[in-house]
């Protein structure tokens, strides 16, 4: 196969841009913004911290239940319309928060409508799109997306905290919804394609062939191109028969208790220790800037590392977070609290793109959405329990401190499990790119 580089900007990079901006705004408001909205909502509506946390857990439960369907639809029909539906629901959910006055309404609007939009509009479909359009540069593409999106912690979170002090939490949510629609619809419409690049006469990574061929031949060439980096395309059933599939899930589940706690309870935890809400959000935002560096750099590293060593990269990142937690448990001072946040966000920047990169490198492109979606369903109980557990610990003890030893033990366990996730051997029978399940 004779290859040459296209002189034009590869369309996949426009998809990276679209995914970055949509994720930047939606995650800044929904995931990180909830930490700033947490106390105002809880105080005005009279919810306990455990009950306020339930909405986030409902969102994760819903995400886990719909993930296999979203994954299959994305694999079968493409990501574009799924992302557009997600953008609509995100904006609608934020705007409807203005009218929330009861616990059930809060659960429906934040826990179901907004969460569904975020789950289907910013995660699986974009990961599928980027995994389709990039192979040798997949790590860089996914890392760039998350690096740009990661700026939301340093910019959108403080903005949310500031808007709450100016216009209140209700109008703050409305502003978030309107902006989501204004930026999300045009980006998803113009810069997301339904299929892998071979369907459009292109090759992954922006590599093209000298001679024009049929779409079937282009697809075969794309498969051969991916095989150059030891990538073999599994069906969902073939992937589920491998130990690696289950070990990746088990390790992600154990470690997954930590980010859900940090996202939802970090500002309440800091304000309980005397920090002003805006100052607390600024502290987290500034510290999180370190994760932008690691998110970007990991793209260069992961594209140059052999498939068999990816698990150790994940393991080292888990271990760094475990060290931060253990240090804070032993020495619960303000200085060690800063150390915990610094180590957490530095490793988080590495881990955020790695999950989808590892699964794509282990199991290929064609069933990526279904494999990722089924994994998310199995991981759902961990994400549901974590924030409620932390809220319950606070409600019963008046402090979050008893949560940290549990988190330290779980992240240490995750480190061991992921290092055992050896890449799977190629399946006994290889099937066509349309055979997903």
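The numbers here are math on the coordinates, done by the rules we state, and not lab data. None of these values were measured; they are calculated from a predicted model. Here Cβ is always computed from backbone atoms with ideal geometry, including for glycine, and neighbour counts include all displayed protein chains.
Side notes on the structure shown:
- Along each principal axis, Cα extent of the stretch 31-113, largest first, Å: 45, 22, 21
- For the chain, adding -39500 (n - 2.57) for each run of n ≥ 4 DSSP H residues and dividing by the number of residues yields -25000 deg cm²/dmol at 222 nm.
- Length added when fully stretched, residue 336-residue 307, from 0.36 nm per residue minus Cα-Cα: 6.9 nm
- Gained length - residue 102 relative to residue 167, 0.36 nm times residue gap less alpha-carbon distance: 21.4 nm
- Near-label residues of the stretch 153-169 by backbone N, under 15 Å of a point 7 Å along Cα→Cβ of residue 175: 155-169
- Part-to-part distance (alpha-carbon centres) for the stretch 107-129 and the stretch 181-201, which is given in Å: 18 Å
- Long-range tail of P(r) for the stretch 1-76 (Cα pairs > 18 Å, %): 66 percent
- For the stretch 111-162, the fraction of alpha-carbon pairs lying more than 11 Å apart is 74 percent, rounded to a whole number.
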